[in-house]
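Okay, structure first, notes after.
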Amino acid sequence: MEAPRSDAAAGRRQVERRIQREIEEELGAGYDDELDLVHRSGLVLRVGRMSLASGTGSYRVKNHMANVAAALGIERHHALVTLTEITTTSHRGHSFRTEVTELREVGVNADRLVRLQDLVGSLAGRSIEPAELERRLDAIEARQPLYSWYLSGLFAGIACGAFAFLLGEGWGELIAAAVGAALGQMTRRLMHHARANIIGTTMVAALVASLSYLALTWILGATLGEAWGGSNGYIAAVLFLVPGFPLVTAALDLARLDISAGVARLTYAVMIVSAAAVVVWGIAHTLGGAPDPAVTPDHDLWGRLAQLVASFAGVLGFALMFNSPWRVALTAAAVGAGPNVARILMVDSGTPPAVAAASAALVVGVVAAYVAPAIGSPRVIVSVPAVVIMVPGTTTYLAMSGLGDGATSSAIAYGVQACVVMLGIAIGLAVARMLTDREWGFEARQPRAR
């Protein structure tokens, strides 16, 4: 009788050992699968982080992450994106992974945006192994800026010099604005490289640009015996600090009801403008050079052609300052020059500035929608430099100057005017996106991995 019980016990032990091995094997496979999901989810988040740090809007960040998640075999992917934070959740089977990342630096890198779009576009309809994706992301992240700090300053000088001409200033103010902007942008690049606080960096750059402009106009006046130092040129010298990308992407995010991202970007843009305006007002209040309302001189045909050339140069300078490749920068300049001159013509003929700005931005947005894909570029790095030159810089600083001087009614009037023109630019670009991008215009939900 003992033998049968012993055989039965041995049989049970064998069954238990077999079950234990199966459980261990199953747990081991599940553990490896969890690690694999962690790895793939981390790569998706890395793509989003790189896109956000390069200055693109939250919609494009989500779209990039969703497409990369699909290529990595992640079944569902959800993301919440603000100006400096990304929260993502990746699902595969019964497993999911939630991650959060935070950016401490806000900037624009058009070259990186182009390469990320090329990467994401190459994944359409196919899969990719994590190792290959990681290798390609490493290559993109390892790229240095296309232009050195002094070339970046040169481009800012070209843009702001062109802006001074469009504001009706003479060649002396044009040169002073270009030199002031160049020195200010060089200062900003060096401080950014040293990881200085971005608000402090903006204020120091504005200080350098403003003082350089005033000093150079004084030297020119003393040397040539002419009265230089037009106040609109003084404003043009600091317009390289206009946060064009955050302003435009904030408007586009708000148009898609992405409130958290839109409000964060708008708040950041207001902080940057305010930091620069406080410095400009302080120097103007102390040393002179307060801005006056811009008065556009009458132009004949040659004058309009000169405005066209200045608009081209201004957009080109801004695009290169954003680290755009030359082909993208030249395209942006070609797209933005004509609409800007048309906007000036409309304003000169009595059209409200906001209507003129909205019309010009609409044309820029529609043209960019067809031109940007042809050169393999995100449309945002074509359209933003093209409309930055339309930003009402003088009006904005007049509003801030009025606040500083206690002229409340004047400050409110100029502030409302500046806001309405910016709203017009935003509406023009948003309508252009709705007309040319069906998913953007009619799909209110967040892009999902396919």
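Some notes on this structure:
- For the chain, the fraction of alpha-carbon pairs lying more than 31 Å apart is 46 percent, rounded to a whole number.
- A simple packing score, the average count of other Cβ atoms within 10 Å per residue, orders the peptides 65-76, 313-324 as 313-324, 65-76, with the highest score first.
- Angle between the chain longest axis and helix 198-224 axis [Cα atoms, degrees, rounded to 10]: 20
- Hydrodynamic radius by Kirkwood, which averages 1/r over all alpha carbon pairs of the range 279-417, in angstrom: 16.3
- Protection proxy ranking for 385-394, 241-250, using the average of other Cβ atoms within 10 Å per residue and placing the highest first: 385-394, 241-250.
- Taking the range 245-381 and dividing mean pair separation by its residue count, relative contact order in percent (alpha carbons under 8 Å, at least six apart): 15
- Principal-axis tilt of helix 353-374 within the chain, Cα atoms, nearest 10 degrees: 50
- A Stokes-Einstein calculation at 10 °C with viscosity 1.306 mPa s, built on the Kirkwood radius of the range 94-158 over Cα pairs, returns a diffusion coefficient of 106 µm²/s.
- These residues, H39, H91, H285, go from largest to smallest accessible area, 1.4 Å probe, as H285, H39, H91.
- By average C-beta atoms within 10 angstrom, highest first, the peptides 182-188, 196-202, 122-128: 182-188, 196-202, 122-128
- Probe 1.4 Å, protein heavy atoms only - accessible area per residue of the range 316-403 in square angstrom: 30
- Cα-based helix-to-principal-axis angle, 408-436 vs the chain, degrees rounded to 10: 50
- Point-to-point label distance, M271-T436, nm (Cα→Cβ direction, 7 Å offset): 3.2
- Using a Gaussian network model of the chain in which every pair of alpha carbons under 10 angstrom is joined by a spring, one finds that among A142, A342, A277 the greatest mean-square fluctuation is at A142.
- Fraction of accessible area attributable to carbon and sulfur, the chain (%, probe 1.4 Å): 63
The values are calculated or read from the model by the stated rules, or taken from the named source; none is laboratory data. Just so it is clear, the structure is predicted and the values come from calculations on it, not from any experiment. FYI the Cβ positions are ideal-geometry reconstructions off the backbone, even for glycines, and counts take in every protein chain you see. With ligands, DNA and RNA removed, areas are computed over all heavy atoms of the protein, side chains included. Shrake-Rupley method; radii C 1.70, N 1.55, O 1.52, S 1.80 Å.
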